[in-house]
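So the structure is just underneath, and the comments pick up after that.
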Amino acid sequence: MPVGLLYLDEGHLEDLLLVQRLAQVLKQLPAPLVLVHGSGGRAEQLLEAEGYVPERRAGVLVAHTDRERMLIERGIRETNQRLVAGLNELLIPAVGIQGSDRGLLRRERTGTLQVGHIAWLARLLHQGVWPVVSTLVQAATQQVVEAPAAEVLRALASAWASDAVVLLLTDRQGQVADAAVATACQQQHLRTWRGQLEKLPEALKQEVF
């Protein structure tokens, strides 16, 4: 059975109506997807509140100190909690998962991002639950750090091999907000779909699955 990985880019995360729009669309889908998100604006707000200047490299917030790393991790966790709580309120059975949970994603000392156990994630999908997965991963130092969304999506898609489809949301002009993610998917020859959120139900019925 194909597995869909729906990436919520930074632009969509900042949409105040995202959860409502998501819930309306997800209720029309035949089976759950894995929702994947990065740090978004909440982590930047926490950094700025303590006088730090947010800096991104490859879409990832740079942490120069342990305090900055902690604030970034907190921001990502809060974003995850907000999405899950909002979806649950709207009767979407979602569960929050950090990429670092239960050995799901880990950064090897070589720098490679590896996927560990995904059987439990697959079970959630079969049970009708929507996993909301953040881009936090466990580093070789045992710290929890943010990883580029492109790497996370590529690693998860590779774990499901040919059964995985990466779903990228576009704006009204048909542009994918995160060019690095779109490029990575293309370079890795991953199955992808690009389109507006509201067009997803029909696409899953006719084009993707």
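The values are calculated or read from the model by the stated rules, or taken from the named source; none is laboratory data. In this text, all values refer to a predicted model and were calculated from it rather than measured experimentally. Positions of Cβ are generated from backbone atoms using ideal geometry, with glycine treated the same way; all protein chains shown enter the neighbour counts. Accessible surface is based on the protein model in full, side chains and every heavy atom, while ligands, DNA and RNA are left aside. Shrake-Rupley method; radii C 1.70, N 1.55, O 1.52, S 1.80 Å.
For this structure, a couple of remarks:
- The stretch 80-162: GluC sites (Glu not before Pro) falling in loop per DSSP and having at most 16 other Cβ within 10 Å: GLU108
- For GLY59, no residue 5 or more places off, or on another chain, has a built amide H under 5 Å of its own.
- Protein heavy-atom accessible surface, 1.4 Å probe, per residue over the stretch 1-125: 48 Å².
- Backbone phi angles across the stretch 144-158, fed through the Karplus curve with coefficients 6.51, -1.76 and 1.60 (θ = phi - 60°), yield HN-Hα couplings of 9, 9, 7, 10, x, 4, 4, 5, 4, 5, 5, 5, 5, 5, 5 Hz in residue order; Gly and Pro are listed as x.
- By DSSP, the beta bridges lying fully in the chain are antiparallel in about 30 percent of cases.
- With R₀ fixed at 41 Å, the C-beta to C-beta distance from TRP120 to GLN196 puts the FRET efficiency at about 0.80.
- Cleavage-rule hits, GluC sites (Glu not before Pro), the stretch 16-61, DSSP coil, Cβ neighbours within 10 Å at most 11: GLU50
- Within the chain, longest stretch clear of exposed trypsin sites (Lys or Arg not before Pro) (DSSP loop, no more than 16 other Cβ within 10 Å): 28-108
- Label-reachable residues, the stretch 117-138, where backbone N falls under 15 Å from a point 7 Å from ASN88's Cα toward its Cβ: 129-133
- Potential extension, GLN20-GLN45 segment - 0.36 nm per residue separation minus Cα distance: 6.7 nm
- Rounded to the nearest 10 degrees, the angle from helix 66-89 to the longest Cα principal axis of the chain is 30 degrees.
- Annotation: per residue accessible area for the stretch 142-181 equals 43 Å², rounded to a whole number [probe 1.4 Å, protein chains only].
- Amide N proximity, the stretch 1-32 versus GLN175 label position 7 Å along Cα-to-Cβ, cut-off under 20 Å: 7-16
- From the largest down, the stretch 14-151 spans 43, 33, 19 angstrom on the principal axes of its Cα atoms.
- Here's the picture: a label point sits 7 Å out from the Cα of VAL53 along the beta-carbon direction, and within the stretch 62-76 the residues with their amide nitrogen under 17 Å of it are 62-65, 68.
- For the stretch 82-202, the share of accessible area belonging to carbon and sulfur comes to 48 percent (1.4 Å probe, ligands and nucleic acids excluded).
- Computed from phi, the 3J(HN,Hα) profile of the stretch 161-172 under the Karplus parametrisation 6.51, -1.76, 1.60 (θ = phi - 60°) reads 6, 6, 7, 8, 10, 8, 9, 10, 8, 10, 8, 5 Hz, with x in place of Gly and Pro.
- Per-residue ellipticity at 222 nm from helix content only, as computed over the chain with -39500 (n - 2.57) for each DSSP H run of at least four residues, stands at -11000 deg cm²/dmol.
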